[in-house]
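The structure appears right after this line, and notes come after that.
The values are calculated or read from the model by the stated rules, or taken from the named source; none is laboratory data. Not measured: the values here are computed from a predicted model. Cβ atoms come from the backbone with ideal geometry, glycine included; neighbour counts cover every protein chain shown.
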Amino acid sequence: MLCDHLQHLKGRKPRFADIAKPFTNDSYILLEDATQMFCRAVSEGHGQQPTRRWHDFLPEFLLLHPERCDEVLGLIERKQF
């Protein structure tokens with residue numbers, strides 16, 4: 001669902017001329033929280049430290065490359081990540 005939402009936002013034109021980005025600061029924080037919770041759940045599912053799979057750059061990378069979202073999240077889910 002996260003990947004679908006990112007793809008939708010990437011192709012969407014802003015409704016107002018003065019809005020440059022489809023994500024507000026609040027939306028970015030929600031994206032950051034969602035990816036952090038995803039990484040934590042996957043890490044704990046593999047018996048690892050909760051922060052093992054998280055990196056601060058992940059939300060920004062997903063915003064820059066929404067077409068690679070499924071690939072990136074799939075890599076994170078692999079046991080040998």
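So here's what we get for this one:
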item	result
Residue within the range 46-63 that is of a type in the set (D, E), more than 13 Å from H5 (Cα to Cα), modelled with pLDDT of 95 or more and out of contact with any Gly (no Cβ under 9 Å at 6 or more places or on another chain) present	no
From the options P14, P22, P66, residue that is within 14 Å of C3 (Cβ to Cβ) and at pLDDT below 95	P66
Residue match in the range 30-37 (condition: modelled with pLDDT under 90 and assigned to a helix (DSSP H, G or I))	yes
Any pair with Cβ under 8 angstrom, 6 or more apart, that starts in the range 33-50 at a residue that is farther than 14 Å from E77 by Cβ and touching a residue at least 24 places away in the same chain (Cβ under 8 Å) and ends at one that is in a helix (DSSP H, G or I) and not β-branched (V, I, T)	A34/L2
Residue pairs meeting the criteria (Cβ under 6 Å; at least 6 apart or on separate chains; first touching a residue at least 60 places away in the same chain (Cβ under 8 Å), in the range 53-81; second surrounded by fewer than 15 Cβ atoms within 10 Å (Cβ to Cβ) and not hydrophobic (A, V, I, L, M, F, W, C))	P66/Q7; P66/K10
